[in-house]
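The values are calculated or read from the model by the stated rules, or taken from the named source; none is laboratory data. Quantities reported herein were computed from a predicted structural model and do not represent experimental measurements. Glycine gets a Cβ as well: all are built from the backbone with ideal geometry, and neighbour counts include every protein chain shown.
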Amino acid sequence: MRDKVSGARRWVVKIGSALLTADGRGLDRASMAVWVEQMVALREAGIELVLVSSGAVAAGMSRLGWASRPKAMHALQAAAAVGQMGLVQAWESSFGEHGRHTAQVLLTHDDLSDRKRYLNARSTLRALVELGAIPVINENDTVVTDEIRFGDNDTLAALVANLVEADLLVILTDRDGMFDADPRSNPDAQLIFEARADDPALDAVAGGTGGALGRGGMQTKLRAARLAARSGAHTVIVGGRIERVLDRLRQGERLGTLLAPERGLLAARKQWLAGHLQTRGTLVLDHGAVKALVEDRKSLLPVGVRDVQGAFRRGEMVVCVAEDGREVARGLANYSAVEAQKIVGQPSDAIERLLGYVSEPELVHRDNLVLV
Ligand code: GLU
């Protein structure tokens, strides 16, 4: 099963607070440099990479000289805002030493459940990855408190894996992985090497909460793996201090706990799309566009659309029909009905002139399209 790890082309790597701040002693730049080196090697091997970094609260606490984690949410949020500055600076300078740009992206769970923001975040991340920059994502702790309360970014990392359609989510933590009993109290506890993410037996062994610094325990990591599995991604929960951990995972070494999805990436995504029964409009395609979609598995460009019906917004589901009314596909529209009216029949390089801006060159991207 480790070929799923070594063969993964798009990784989301999540690093937790305890690791990043050497258990609260401020940002551990030496360890960060070691991970950066490995992440750069991944990129150089052609693997696309998105980093989800916690540690803002923990770094802020140490910058502010706070020894213990405050209870008040506003104090934690303030610490996160202070710490985020140091956190992104540290990532930036470390990646910069290898000639890599980094990009700060602050997200909330709500951003990812709103269709329009979801598509916006997706195209920005896609653009960053294409530019070779490393997106460094954290929760926008100033405006929300989901991860401060529960997860230390575990859930956010899973949502990001879904957003970018990663095939692998690597959660680096201060344990070696998931054990079948608590290794702190049970010397016979065994590391679980592989399991199905939806295996109910895992609930019993994932008990317990996070440490003093971050909030995420094994339970939130298991939940994150299940969420990632829903979009077809594999998750590895693994010790971030294991020597050359990312390199060794890439080589297929059996480190940490690998949690497998029920279905592959494509099947899961198509199922997710197919589940969106509510459609908001119809696009009537010319013969060339039908062929491009069905035979060549391409995206739908505005030039191949003859007519736009209904009142949909960007990110909503539309039906694509041939001129004889036969349904050929369904997908998420990159433009609203009003915008689509203006650009259909036109080449994609005319979009900017017609609308004053360009979201994407496609009206429906093939990743967001299911043939019927
Ligand atoms: N997003 C937060 C951070 O980066 C979560 C971690 C926490 O609550 O300590 O610091």
- Message: Among the residues in the range 51-69, are any within 16 Å of GLY240 (Cα to Cα), more than 11 Å from the ligand (Cβ to nearest atom) and crowded, with 16+ Cβ neighbours inside 10 Å?
- Response: yes
- Message: Looking at GLN84, GLN104, GLN77 in this structure, which one is farther than 19 Å from LEU169 by Cβ, within 16 Å of the ligand (Cβ to nearest atom), crowded, with 18+ Cβ neighbours inside 10 Å and under 20 Å from the mean Cα position of the chain (by Cα)?
- Response: GLN84
- Message: Filter the range 126-166 down to the residues that are away from the ligand (no atom under 16 Å from the Cβ), under 18 Å from LEU42 (Cβ atoms) and either part of a helix (DSSP H, G or I) or touching a Phe, Trp or Tyr at 6+ places or on another chain (Cβ under 7 Å) (or both) and list them by number.
- Response: ARG126, LEU128, VAL129, GLU130, LEU131, ILE134, ALA161, ALA166
- Of (1) within 17 Å of ASP111 (Cβ to Cβ); (2) modelled with pLDDT under 90; (3) surrounded by 22 or more Cβ atoms within 10 Å (Cβ to Cβ), ASP152 fails just (1)
- Taking THR279 as meeting all but one of (1) in contact with a strand residue (DSSP E or B) (Cβ under 8 Å, 6 or more places away or on another chain); (2) crowded, with 18+ Cβ neighbours inside 10 Å; (3) touching a residue at least 40 places away in the same chain (Cβ under 8 Å), write down the number of the exception. (2)
- Task: Report, by residue number, each residue of the range 333-372 that is closer than 15 Å to SER299 by Cα and of a type in the set (Lys, Arg).
- Result: ARG366
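Give GLY208, GLY239, GLY252 a once-over and let me know the one that is at pLDDT 90 or above, more than 19 Å from the chain's Cα centre (by Cα) and either buried (at least 18 other Cβ atoms within 10 Å of the Cβ) or closer than 28 Å to PRO70 by Cα (or both).
Working: GLY208 fails: at pLDDT 90 or above; GLY252 fails: either buried (at least 18 other Cβ atoms within 10 Å of the Cβ) or closer than 28 Å to PRO70 by Cα (or both).
After ruling out the rest, the residue left standing is GLY239.
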- Message: With the requirement that a residue be assigned to a strand (DSSP E or B) and aromatic (Phe, Trp, Tyr), what does the range 312-360 give you?
- Response: none
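Being away from the ligand (no atom under 12 Å from the Cβ), of a type in the set (Asp, Glu) and either assigned to a strand (DSSP E or B) or closer than 23 Å to ALA224 by Cα (or both): is that true of ASP110 here?
Working: away from the ligand (no atom under 12 Å from the Cβ): yes; of a type in the set (Asp, Glu): yes; either assigned to a strand (DSSP E or B) or closer than 23 Å to ALA224 by Cα (or both): yes.
Yes: the conditions hold for ASP110.
Can you pull out the residues in the range 343-360 that are touching a Leu at 6+ places or on another chain (Cβ under 7 Å) and not small (Gly, Ala, Ser)? Show your work before the answer.
Within the range 343-360, the subset touching a Leu at 6+ places or on another chain (Cβ under 7 Å) is 343, 346, 348.
If the condition is that a residue be touching a Leu at 6+ places or on another chain (Cβ under 7 Å) and not small (Gly, Ala, Ser), then ILE343, GLN346 are the ones that fit.
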- Message: Taking the condition of being touching a Lys or Arg at 6+ places or on another chain (Cβ under 9 Å), of a type outside the set (A, V, I, L, M) and farther than 15 Å from SER94 by Cα, how many residues in the range 25-42 meet it?
- Response: 1
- Among the candidates LEU49, LEU20, which residue alone is farther than 20 Å from GLU147 by Cα and in contact (Cβ under 8 Å) with a residue 60 or more places away in the chain? LEU49
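Is it the case that some residue within the range 13-22 is within 11 Å of the ligand (Cβ to nearest atom), in contact with a Pro (Cβ under 7 Å, 6 or more places away or on another chain) and not in a loop (DSSP other than H, G, I, E, B)? Give the derivation first.
Going residue by residue through the range 13-22, those that are within 11 Å of the ligand (Cβ to nearest atom) are 14-18, 20-21.
The next check asks that each one be in contact with a Pro (Cβ under 7 Å, 6 or more places away or on another chain); those that pass are none.
Within the range 13-22, not a single residue is within 11 Å of the ligand (Cβ to nearest atom), in contact with a Pro (Cβ under 7 Å, 6 or more places away or on another chain) and not in a loop (DSSP other than H, G, I, E, B).
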- Query: Which condition does LEU172 not pass, out of (1) outside any strand (DSSP E or B); (2) within 16 Å of the ligand (Cβ to nearest atom); (3) among the aliphatic types (A, V, I, L, M), if it passes all the others?
  - Reply: (1)
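Just to be sure I understand, how many residues within the range 134-149 are surrounded by fewer than 16 Cβ atoms within 10 Å (Cβ to Cβ) and not polar (S, T, N, Q)? Lay out the reasoning, then the answer.
So the first thing to find is which residues in the range 134-149 are surrounded by fewer than 16 Cβ atoms within 10 Å (Cβ to Cβ), and the list is 142-143, 149.
This time we only want the ones that are not polar (S, T, N, Q), so: 143, 149.
So the answer is 2.
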- Of everything in the range 87-101 that's touching a residue at least 60 places away in the same chain (Cβ under 8 Å) and assigned to a helix (DSSP H, G or I), which residue is surrounded by the fewest Cβ atoms within 10 Å (Cβ to Cβ)? SER94
- Filtered residue count, the range 156-175, keeping only those that are touching a Lys or Arg at 6+ places or on another chain (Cβ under 9 Å) and closer than 15 Å to ALA206 by Cα: 3
